[in-house]
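Notes to accompany the following structure.
The values are calculated or read from the model by the stated rules, or taken from the named source; none is laboratory data. All values derive from a computational prediction rather than experimental measurement. Glycine gets a Cβ as well: all are built from the backbone with ideal geometry, and neighbour counts include every protein chain shown.
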Amino acid sequence: MKRITLLICALFVTSVISAQSRTVEYDGQQNTVTVTRVKPKRVDQHDLRIGIGSPSLGLGLFVTTYADDYYYKNFREEVLDAKTYDAGTYFTGIYSLSYAYHSRRWLQCGATVNFALLTNPTRYVEDNTLKSRETGFMVSVMPTFRFVYLYREKVQLYSTVSVGLAGGSSGMMLPWADFTLIGCTFGRKLFGFVELGSLTGTGGCGRVGIGYRFDSKKRR
């Protein structure tokens, strides 16, 4: 039992401490010097991100796409409808802006703002000129907690939980949650990221973007 306990302690220490051996020549004699580096638990770093996401099911709850009431129309309204057509709905994407503080190697805390816009133009059949343009939007503000399970200098793998408020042109304002099932960053200070989000989230199902990391200023 004592041997097993010592073995577990040794594995834990070697996972935290990495050692390198170097051969140094001094006065014609070669000596081996061992350099030990300990991985710090605290990172004390910040990052800013901007990204764009694809549509999700949660977007439709907060965005209203306006439509005419087809019931109880009089003759004049029916004639006017025959002279116009719906040009389709255009989606600008879900834009995101986020900040996070790397308090630990495994935990990053911050906030995320998401915004999306949909437009629905109506045009005249005769000359294709614009008659009207109706828009819908969605916005969410959420504290964000990012859990990192692979932390390297150039690559990080993580999952994210965000809980806050979401609303839009539908008039609804609800407590909402958004999840990043798996995310990956690649790069050092200037980096890119790719994420797979939840179907009901306000950040989109698929997300890509760029970011910038910077260290905290040391106090003198």
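I'd like the residue in region 108-134 that is assigned to a strand (DSSP E or B) and touching a helix residue (DSSP H, G or I) at 6+ places or on another chain (Cβ under 9 Å) and, out of all such residues, is surrounded by the fewest Cβ atoms within 10 Å (Cβ to Cβ). Give the steps one after another, and end with the answer.
Here is the first cut: in region 108-134, the ones assigned to a strand (DSSP E or B) are 108-124, 130-134.
Add one more test, that the residue is touching a helix residue (DSSP H, G or I) at 6+ places or on another chain (Cβ under 9 Å), and what stays is 116, 118.
Numbers: ALA116: 26, LEU118: 21.
The qualifying residue surrounded by the fewest Cβ atoms within 10 Å (Cβ to Cβ) is LEU118.
Just for region 153-172: of the residues that are of a type outside the set (Gly, Ala, Ser), modelled with pLDDT of 90 or more and surrounded by fewer than 20 Cβ atoms within 10 Å (Cβ to Cβ), which one is farthest from ASP47 (Cα to Cα)?
Going residue by residue through region 153-172, those that are of a type outside the set (Gly, Ala, Ser) are 153-158, 160-161, 163, 165, 172.
Now drop any that are not modelled with pLDDT of 90 or more, which leaves 154-158, 160-161, 163, 165.
Next cut, surrounded by fewer than 20 Cβ atoms within 10 Å (Cβ to Cβ) only: 154-155, 157, 161, 163, 165.
Numbers: LYS154: 14, VAL155: 14, LEU157: 15, VAL161: 17, VAL163: 19, LEU165: 23 Å.
The qualifying residue farthest from ASP47 (Cα to Cα) is LEU165.
Go through region 135-150 residue by residue and tally those that are farther than 23 Å from TRP176 by Cβ and buried (at least 16 other Cβ atoms within 10 Å of the Cβ). Explain how you work it out, then say what you get.
Going residue by residue through region 135-150, those that are farther than 23 Å from TRP176 by Cβ are 148-150.
When the remaining residues are screened for being buried (at least 16 other Cβ atoms within 10 Å of the Cβ), the result is 148.
Count: 1.
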